[in-house]
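Remarks on the structure that follows.
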Amino acid sequence: MDNAGYATHDVYNQSGTLADVDLFSNDMALREACRAFGADWAEDRLRKTGGIVGSAHVQQLARDANRSPPELRTHDRFGNRIDEVHFHPAWHELMSLAFGSEAHSLAWTEPRRGSHVARGILSYLWNQGENGVCCPLSMTFASVSALRHAPNLFDRWKPQILSDRHDPRQRVAEGKSGLTVGMAMTEKQCGSDLRQTQTVAKPASADNGPGSLWLLTGHKWFFSVPQSDLFLTLARTPNGISCFLARGWLPDGRRNRLKLQRLKEKCGNRSNASSEVEFHGLEAELIGEEGRGIRAILEMAHLTRMECAISAAGLMRQAVSQAIHHVSHRVAFQRRLVDQPLMAQVVADLALEAEAAMWMGLRLAATLDAHDEAEQRLGRVAIPMAKYWACKRTPAVVAEALECHGGNGFIEDHLMARLYREAPLNGIWEGSGNVICLDVARALRSDPEAAEVFLQELHTVKGFDRWLDAAVGGLADSLPKLTRDEASARSVVEDMANAFQAMLMLRHAPADVAEAFCATRLGSGRHGAFGGSGVMLPAQSIIDRARVTN
Ligand SMILES: Cc1cc2nc3c(=O)[nH]c(=O)nc-3n(C[C@H](O)[C@H](O)[C@H](O)COP(=O)(O)OP(=O)(O)OC[C@H]3O[C@@H](n4cnc5c(N)ncnc54)[C@H](O)[C@@H]3O)c2cc1C
């Protein structure tokens with residue numbers, strides 16, 4: 001920029017924008033994980049998405065979509081009720097790019113080794129670009145698991161749900177080139193405890209078997225992507241809580257019988273619409289058996305919880321990339337910040353956290369690709385574990401990465417401010433922290449062999465690191481206790497996650513990086529602020545590995 005002629009100042013010593021970078025090819029650890037977990041066949045596609053998501057254009061779209069959040073339009077100009085949501089064009093372009101990358105569908109359209117891992121990487125990349133669109137991506141992806149309980153409905157909608165097209169028209173699903181699927185479960189009085197659902201459903205005819213039509217009356221307090229073409233919801237029926245699939249628009253073109261009350265004004269995820277809704281005889285079809293709705297939802301939650309763990313890892317990755325970029329260009333006290341010993345420790349510590357979260361998320365995506373029982377058992381216990389811990393670490397990582405930017409990080413021009421507002425969200429939806437830790441305990445209780453499978457996974461690196469060996473010994477004692485003692489759940493799940501990540505780092509990362517992780521997360525150092533453990537990290541080696549450059 002030519003500032004000639006301004007007497008007040010020259011602009012220098014600003015870090016510039018990290019953009020137009022392929023976020024896949026430039027991420028050394030990510031490429032290693034892709035190969036380690038059998039997704040290398042997807043590399044061309046991942047590179048393409050890495051380039052798109054890392055572009056200055058997508059950064060601009062994300063900024064625009066978040067600065068011009070969606071608006072609810074309840075009525076048309078004649079007074080007819082329409083209940084539509086109006087978006088900035090940037091949202092639709094982002095949706096087209098994201099659905100075009102198959103981040104919602106690849107695991108289902110390419111059923112081969114590594115397909116959940118490849119899809120997970122697409123999600124990891126999009127979570128570095130724009131988090132709002134990751135909500136419809138994730139729900140559409142996970143809906144497949146619930147829809148499989150209703151084969152007729154699944155067959156009818158599958159081609160459009162798995163299509164790589166975003167069709168922005170808010171109209172009846174027939175004839176659309178692609179569909180999005182939402183989920184409306186949470187009511188005012190209950191989110192975690194869905195057994196308290198008050199919405200009621202009555203059969204529309206004498207047939208009340210799977211696929212039958214019901215009419216729902218009640219409300220939902222959170223309903224994201226309310227412009228969805230289809231959405232899953234829960235309602236009380238004579239035999240308990242049941243799961244339903246509703247259309248947004250009925251075959252005759254009218255809006256299904258729902259009223260969007262308002263859109264939530266949210267702390268983050270502002271590009272995406274989240275609404276409050278009332279059902280006034282909403283037409284919906286029964287999914288699976290009547291009274292078994294929570295079970296169907298929990299199967300889906302297994303996927304969305306994994307998605308939260310991967311999303312959190314993506315968010316941390318972007319925050320760390322930005323921090324490394326900034327400190328590599330900014331000079332203070334005659335030296336680049338990255339060359340200042342204390343800053344180097346902070347940034348290296350952040351990079352360790354982000355890399356370990358990436359390995360954890362993708363290793364668990366691999367459990368969905370495997371068909372053997374041990375992998376499924378491991379996933380059942382370790383997916384909620386990963387969701388809990390990656391989501392807990394994200395706000396801390398993002399806040400510290402923001403601070404690495406000094407004042408610039410706190411200003412809306414920079415994407416750090418958006419990441420900061422986004423950071424707590426994955427920890428809330430799809431089961432908040434305590435609920436998730438209790439789910440790990442439940443998984444261990446309901447499958448007595450699950451603890452053994454988990455410990456065996458840790459034992460694959462037995463003897464590699466003394467801190468990890470000691471941690472595994474501790475877990476052998478604490479896992480059985482977790483099944484009896486709810487109050488200890490957070491501390492045990494945190495220990496599990498740190499040990500699991502350490503195991504993955506020892507298996508896959510360079511020795512000095514892995515040892516640094518073990519020493520700071522499992523060793524005798526303090527677990528306080530990043531860079532403050534008292535263990536001196538091999539900072540340059542860790543930072544060089546994590547650096548993304550344009
Ligand atoms: C931006 C956004 C979008 C959302 N979109 C959707 C959506 O599209 N569809 C949808 O259905 N929902 C959606 N939600 C809602 C979300 O899923 C719920 O907020 C979440 O499940 C928590 O439920 P709750 O808010 O009722 O909290 P509560 O269930 O009241 O929980 C409050 C706290 O208590 C803790 N807690 C609960 N039970 C226990 C226990 N037994 N022991 C210890 N602690 C416990 C929880 O961990 C939590 O920290 C969205 C939320 C947000 C913020």
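The values are calculated or read from the model by the stated rules, or taken from the named source; none is laboratory data. Treat the numbers as computed from the prediction; the structure is a model and nothing was measured. When we count neighbours, we look across all protein chains shown, and the Cβ atoms used for this are built from the backbone with ideal geometry, even at glycine. We work out accessible area using only protein heavy atoms, side chains counted, and drop any ligands, DNA or RNA first. Shrake-Rupley method; radii C 1.70, N 1.55, O 1.52, S 1.80 Å.
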query: Going by the structure shown, is Pro384 touching a Pro at 6+ places or on another chain (Cβ under 7 Å) and either assigned by TED's automatic domain parsing to the domain that holds Thr483 or open to solvent by less than 10 Å² (accessible area, probe 1.4 Å) (or both)?
result: no
statement: Leu475 fails exactly one of (1) open to solvent by less than 10 Å² (accessible area, probe 1.4 Å); (2) outside any helix (DSSP H, G or I), namely (2)
message: Just the residues that are in contact with a His (Cβ under 8 Å, 6 or more places away or on another chain) and open to solvent by 80 Å² or more (accessible area, probe 1.4 Å), please, taken from the stretch 72-92.
response: Arg73, Arg81
query: Taking Ala441 and the conditions (1) open to solvent by 10 Å² or more (accessible area, probe 1.4 Å); (2) within 16 Å of the ligand (Cβ to nearest atom); (3) without any contact (Cβ under 8 Å) to a residue 60 or more places away in the chain, which numbered condition does it fall short on, given that it satisfies the others?
result: (1)
- prompt: For the stretch 270-294, how many residues meet the condition of being open to solvent by 10 Å² or more (accessible area, probe 1.4 Å), over 30 Å from Tyr420 (Cβ atoms) and either hydroxyl-bearing (Ser, Thr, Tyr) or within 16 Å of the ligand (Cβ to nearest atom) (or both)?
  reply: 2
Pick from the stretch 522-537, criterion under 18 Å from Ala497 (Cβ atoms) and in contact (Cβ under 8 Å) with a residue 60 or more places away in the chain, ranking: surrounded by the fewest Cβ atoms within 10 Å (Cβ to Cβ): Ser533
query: From His166, His104, His149, which residue is within 16 Å of the ligand (Cβ to nearest atom), outside any helix (DSSP H, G or I) and buried (at least 19 other Cβ atoms within 10 Å of the Cβ)?
result: His104
task: List the number of the failed condition for Ser68; all other conditions in (1) without any contact (Cβ under 8 Å) to a residue 24 or more places away in the chain; (2) under 30 Å from Gln170 (Cβ atoms); (3) open to solvent by less than 30 Å² (accessible area, probe 1.4 Å) hold.
output: (3)
message: Taking the criterion of being away from the ligand (no atom under 16 Å from the Cβ), aromatic (Phe, Trp, Tyr), out of contact with any Asp or Glu (no Cβ under 7 Å at 6 or more places or on another chain) and not assigned by TED's automatic domain parsing to the domain that holds Ala107, would at least one residue in the stretch 322-333 satisfy it?
response: yes
- request: Any chance you could count how many residues in the stretch 1-35 are closer than 20 Å to Ala354 by Cα and either open to solvent by 90 Å² or more (accessible area, probe 1.4 Å) or free of Cβ contacts under 8 Å to residues at least 60 places away in the same chain (or both)?
  value: 4
task: Run down Arg77, Arg113, Arg73 and say which single residue is within 28 Å of Met358 (Cα to Cα), outside any helix (DSSP H, G or I), modelled with pLDDT of 95 or more and not assigned by TED's automatic domain parsing to the domain that holds Glu278.
output: Arg113
field: Residue check, Gly281 on the phi > 0 side of the Ramachandran plot and modelled with pLDDT under 95
entry: no
statement: Per the filter on the stretch 428-439, residues within 15 Å of Leu303 (Cα to Cα) and part of a helix (DSSP H, G or I) are Ile436, Asp439
task: State whether the residues of the stretch 315-332 include one that is open to solvent by 10 Å² or more (accessible area, probe 1.4 Å), under 30 Å from Arg545 (Cα atoms) and of a type in the set (A, V, I, L, M, F, W, C).
output: yes
- request: State yes or no: is Ala301 within 30 Å of Leu438 (Cβ to Cβ) and surrounded by 21 or more Cβ atoms within 10 Å (Cβ to Cβ)?
  value: yes
Residue ID - farthest from the ligand (Cβ to nearest atom), chosen from residues in the stretch 444-456 that are surrounded by fewer than 20 Cβ atoms within 10 Å (Cβ to Cβ) and in a helix (DSSP H, G or I): Gln456
- request: Return a yes/no flag: does the stretch 481-494 have any residue that is open to solvent by 70 Å² or more (accessible area, probe 1.4 Å) and of a type in the set (A, V, I, L, M, F, W, C).
  value: yes
task: Scan the stretch 404-427 and give yes if some residue there is within 16 Å of the ligand (Cβ to nearest atom), outside the structural domain of Pro111 (by TED's automatic domain parsing), among the aromatic types (Phe, Trp, Tyr) and open to solvent by 10 Å² or more (accessible area, probe 1.4 Å), otherwise no.
output: yes
query: Looking at Gly38, Gly51, which one is in contact (Cβ under 8 Å) with a residue 12 or more places away in the chain and at positive phi?
result: Gly38
- request: Select from the stretch 428-448 the residues that are within 20 Å of the chain's Cα centre (by Cα) and either of a type in the set (Ser, Thr, Tyr) or not assigned by TED's automatic domain parsing to the domain that holds Ala497 (or both) and list them in ascending order.
  value: Ser432
